[in-house]
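Asks: Take this structure, written in structure tokens, and hold onto it; I'll ask about it next.
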Amino acid sequence: MYKFELNSTTKKSINDNLLRTLGISLKELDELSFDDQQRIIREYRKKHLNNKYTKVMVGTGEHSTFIPVKKGEKVIIGAGRHSCFMEAGLSLEESQKRLDDKIDDMIYCKPVTLVKNIFRRIKR
């Protein structure tokens, strides 16, 4: 997993946390390949985490904090002129799909847009 030295209290804390959540020790996890580690973590997240909410960082630098937000809710990120609105919890693919749909709506008439959206969804 990670190839740097941890002090004994940190190792014990990580090991206890892994045993409690994943049912596997740090040493056993370290011996697995990266793909297997990711698969185990992904399966745990699917089973145990609440998929209705996601965490969004508010603020910048040392004054930032993470707050739970419903997925799909519009939030503002950044500060000043570097801020923008986004929908919380969207993956890169979902965001790209929504952008493509909006561009098609602006460029083409409704029947053509509908056909393009259906074709794009079938292709994926």
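Asks: For residues in the range 99-109 being surrounded by 12 or more Cβ atoms within 10 Å (Cβ to Cβ) and within 25 Å of N51 (Cβ to Cβ), which is modelled with the lowest pLDDT?
Replies: Out of the qualifying residues, it is D101.
Per-residue answers, yes or no, for (1) within 14 Å of the chain's Cα centre (by Cα); (2) closer than 29 Å to K12 by Cβ; (3) open to solvent by less than 100 Å² (accessible area, probe 1.4 Å):
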site: L32; (1), (2), (3): no, yes, yes
site: Q37; (1), (2), (3): no, yes, yes
site: I77; (1), (2), (3): no, no, yes
site: F85; (1), (2), (3): no, no, no
site: K97; (1), (2), (3): no, no, yes
site: P111; (1), (2), (3): no, no, yes
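Asks: Let me ask something additional. Name the residues in the range 14-30 that are open to solvent by less than 100 Å² (accessible area, probe 1.4 Å) and closer than 30 Å to A88 by Cα, would you? Lay out the reasoning, then the answer.
Replies: Here is the first cut: in the range 14-30, the ones open to solvent by less than 100 Å² (accessible area, probe 1.4 Å) are 14-19, 21-26, 28-30.
Within the range 14-30, I14, N17, L18, T21, L22 qualify.
Asks: So, one more: Quick check: anything in the range 13-28 under 30 Å from A79 (Cβ atoms), without any contact (Cβ under 8 Å) to a residue 24 or more places away in the chain and among the β-branched types (V, I, T)? Break it down stepwise before answering.
Replies: Applying the first criterion (under 30 Å from A79 (Cβ atoms)) to the range 13-28 yields none.
The answer is no; no qualifying residue exists.
Asks: Another one. Just one of I24, I67 is among the aliphatic types (A, V, I, L, M), out of contact with any Lys or Arg (no Cβ under 6 Å at 6 or more places or on another chain) and part of a strand (DSSP E or B); which is it?
Replies: Working: I24 fails: part of a strand (DSSP E or B).
Testing whether each residue is among the aliphatic types (A, V, I, L, M), out of contact with any Lys or Arg (no Cβ under 6 Å at 6 or more places or on another chain) and part of a strand (DSSP E or B) leaves just I67.
Asks: Next question, about the same structure. Filtering the range 39-57 down to residues that are outside any strand (DSSP E or B) and hydrophobic (A, V, I, L, M, F, W, C), which residue is least open to solvent (accessible area, probe 1.4 Å)? Spell out the reasoning first.
Replies: Of the residues in the range 39-57, the ones outside any strand (DSSP E or B) are 39-52.
Adding the requirement that they be hydrophobic (A, V, I, L, M, F, W, C) leaves 40-41, 49.
Numbers: I40: 36, I41: 66, L49: 74 Å².
Ranking the candidates gives I40 first.
The values are calculated or read from the model by the stated rules, or taken from the named source; none is laboratory data. These figures come from a predicted structure and were not determined experimentally. Positions of Cβ are generated from backbone atoms using ideal geometry, with glycine treated the same way; all protein chains shown enter the neighbour counts. Each accessible area value is taken on the protein alone, full model and side chains, heavy atoms only, with ligands, DNA and RNA left out. Shrake-Rupley method; radii C 1.70, N 1.55, O 1.52, S 1.80 Å.
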